[in-house]
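Novice: Here's a structure for you.
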Ligand SMILES: Nc1ncnc2c1ncn2[C@@H]1O[C@H](COP(=O)(O)OP(=O)(O)OP(=O)(O)O)[C@@H](O)[C@H]1O
Ligand SMILES: [Mg+2]
């Protein structure tokens, strides 16, 4: 199932669905990379609220995505990771590295706004 | 147990199906949300390895009740290239494909029991078990009161 | 006493004779009740088996036991002994009486009965043998009943104690896993007290993650002053907990890591760099306030009380 991407001001918001195959994820990666350029987006929020499993493939792909978006001048914030998913990720040994995280969409937007007020275009 | 659930694995969509089915089956046994996520994540890892390294194989899910301790058994089986060095493959960070190398060691940490048999040229079988905690103490999602 | 064996297989007329003898024994024990019971009490006293019993208790107890035993001999039924044994075991175990004490008393009584039979029948060995053949199985059975009751009771108490312990532990874990205190908006404090093993670290993390979500916390101050033996294992648990919290967008500040421990951990390769550590709890809260964008105003210059005010942003 294709992940919908919403444009909101300078931001792109991708809301990942419960059923996320590797193909869906790779396709999301490609579309986000492309749209960040097209819309000159300053930041991307990836909302994982309904995602029930974050495995090593998903983590690696999201980390790589954040990195390539940063090279294109956009910050990435991952929001909505559920407590149980976070727990499983750390048990497995997965980390998001330097990718910014926030509790939910609202917090993610707040985080980005705060960063912009401070004058930096990057998160953390 | 005759109600084994055999799931053919040959694409990334099958990986999703396997972990969903695993979660559902484990939920029927009474596992809590947190454990269900651990189980589903472990299944995702071993099923993905099948797609990635063997091309195809199967995941068999079953319930067990040995000595009155109920649990779920996950068997991931393929007839792919096999793993030449298991010790290495189970090490955190070891990957032949430039990946994170956390799939096998991670799945092992997520489950209670983990066993892997592999023969080069013959295939790989991963057997994982998770037991239902005896004193299933559940914390509600929100704090008490 | 060797010759007694050939009397064991009793034929029908012999059975009638046995019955008569049994009645004779019962009558004998009833007649001698006061003498024998007193003798028994004296012997128990001499062996120190009555420790902890008042004279009045000794009186009533000894009467009951004495009569119960004679009753068993008379009726061939052991309900009375069973009931008494259970009751005695309950009380005995509760009071911390040893099996030696309880069984020792009964063994003494057995000897007292036995000796009185010897006195009575020692001139007629065949009759003495027959009398002992009747009396000894009864005495043994009573002993077995009491011993079993005692063991069962002990097991019950041990089991109950174990269950109580498990309950207490679970309760303790529950308590220990729920101390995430919301100090102010967006800020949780988690004082961890006691040993942090992997099981507890797991419960703690699970709970903390949920508390973060429920309280929409952005900063957690985790105070480990109360955790003994902070070694690499404990540190790795902490690192995992901190990582998990970060996935939910919360920053964890760890306080109460003694400098020498921090040094040791770094030396053995624990990546403390990923954790913000601050010396003490107050320092941790100050740091948290700074992260949250609060401005800290001291209301009482001399005192430690602080008032948090949202910093002007812009
Ligand atoms: N079913 C399999 N058949 C053949 N080789 C396998 C199989 N599963 C794992 N391997 C080998 O074991 C190595 C380690 O597997 P593991 O899942 O731990 O890491 P990974 O797949 O490389 O990375 P990650 O799972 O973190 O994305 C793999 O790189 C691969 O060489
Ligand atoms: Mg893998």
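All of the numbers you see were taken from the coordinates with simple rules; none came from a lab. Model, not experiment: these values are computed from the prediction. Neighbour counts run over all protein chains shown; Cβ positions are idealised from the backbone, glycine included.
Novice: Across segment A:19-63, how large is the tail of the calculated P(r) beyond 14 Å, expressed as a percent of all Cα pairs?
Specialist: Numbers: 532 of 990 pairs.
Every Cα pair in segment A:19-63 considered, those over 14 Å come to 54 percent.
Novice: Suppose we keep just the alpha-carbon trace of segment C:198-278; what are its Rg and Dmax in angstrom?
Specialist: Every Cα atom of segment C:198-278 included, Rg and Dmax give 12.2, 37 Å.
Novice: For peptide B:91-98, how many partner chain Cβ atoms fall within 10 Å of a residue's Cβ, on average? Don't skip to the end; give the middle numbers.
Specialist: On the way: counts 0, 2, 1, 0, 2, 0, 0, 1.
Partner-chain Cβ atoms within 10 Å, mean over residues of B:91-98: 1.
Novice: Any idea what diffusion coefficient the protein assembly as shown gets from Stokes-Einstein, in µm²/s, Kirkwood Rh on alpha carbon pairs, 4 °C, 1.567 mPa s?
Specialist: On the way: Rh = 30.0 Å.
Translational diffusion coefficient: 43 µm²/s.
Novice: Averaged across C:16-29, how many Cβ atoms of other chains sit within 10 Å of each residue's Cβ atom? Can you show the working numbers first?
Specialist: Values: counts 0, 0, 0, 0, 0, 0, 0, 0, 0, 0, 0, 0, 0, 0.
Taking all residues of C:16-29 together, the mean is 0.
Novice: Could you work out the percent of alpha carbon pairs in segment B:49-112 separated by over 20 Å, rounded to a whole number?
Specialist: 37 percent
Novice: Determine, for C:279, C:72, the number of other Cβ atoms within 10 Å of each Cβ, and report the residues in order from fewest to most. Please report the intermediate quantities before stating the final value.
Specialist: Values: C:279 13, C:72 21.
With the fewest neighbours first, C:279, C:72 line up as C:279, C:72.
Novice: Which FRET efficiency value, to the nearest 0.05, is calculated for residue C:231 and residue A:39 with the Förster distance at 51 angstrom and r the Cβ-Cβ distance?
Specialist: Step by step, r from the Cβ atoms, then E = 0.50.
Novice: Work out the P(r) tail for segment A:5-98: percent of alpha carbon pairs separated by more than 21 Å, whole number. Each step should come with its number before you reach the end.
Specialist: Working: 1148 of 4371 pairs.
Looking at segment A:5-98, the distances longer than 21 Å represent 26 percent of pairs.
Novice: Another question, then. Rounded to the nearest 0.05, what FRET efficiency do residue B:65 and residue C:263 have when you use their Cβ-Cβ distance and R0 = 45 Å?
Specialist: Working: r = 50 Å, r/R0 = 1.12.
With a Förster radius of 45 Å, E is 0.35.
Novice: Something else now. Could you check which residue among A:14, A:66, A:86 shows the biggest mean-square fluctuation in a GNM of chain A with a 10 Å Cα cutoff?
Specialist: In the Gaussian network model the winner is A:86.
Novice: For segment C:12-163, take the convex hull of the Cα atoms, compute a quarter of its surface area, and give me that in nm², please. If you can, show how the numbers build up before the last one.
Specialist: Values: hull surface 38.7 nm².
Projected over every direction and averaged, the Cα hull of segment C:12-163 covers 9.7 nm².
Novice: Taking neighbour Cβ counts within 10 Å as the exposure measure, how do C:160, C:152 sort from fewest upward? Walk me through the numbers before you get to the answer.
Specialist: Details: C:160 10, C:152 15.
So the ranking, lowest neighbour count to highest, is C:160, C:152.
Novice: For labels at residue C:199 and residue A:6 in the simple 7 Å Cα→Cβ model, what's the distance in nm?
Specialist: So the label points at residue C:199 and residue A:6 sit 4.5 nm apart.
Novice: Same structure, new question: Once the mean 1/r over all distinct Cα pairs of chain B is inverted, what Kirkwood radius in angstroms do you read off? Walk me through the intermediate numbers first.
Specialist: Details: mean 1/r = 0.0639 Å⁻¹.
The answer is 15.6 Å.
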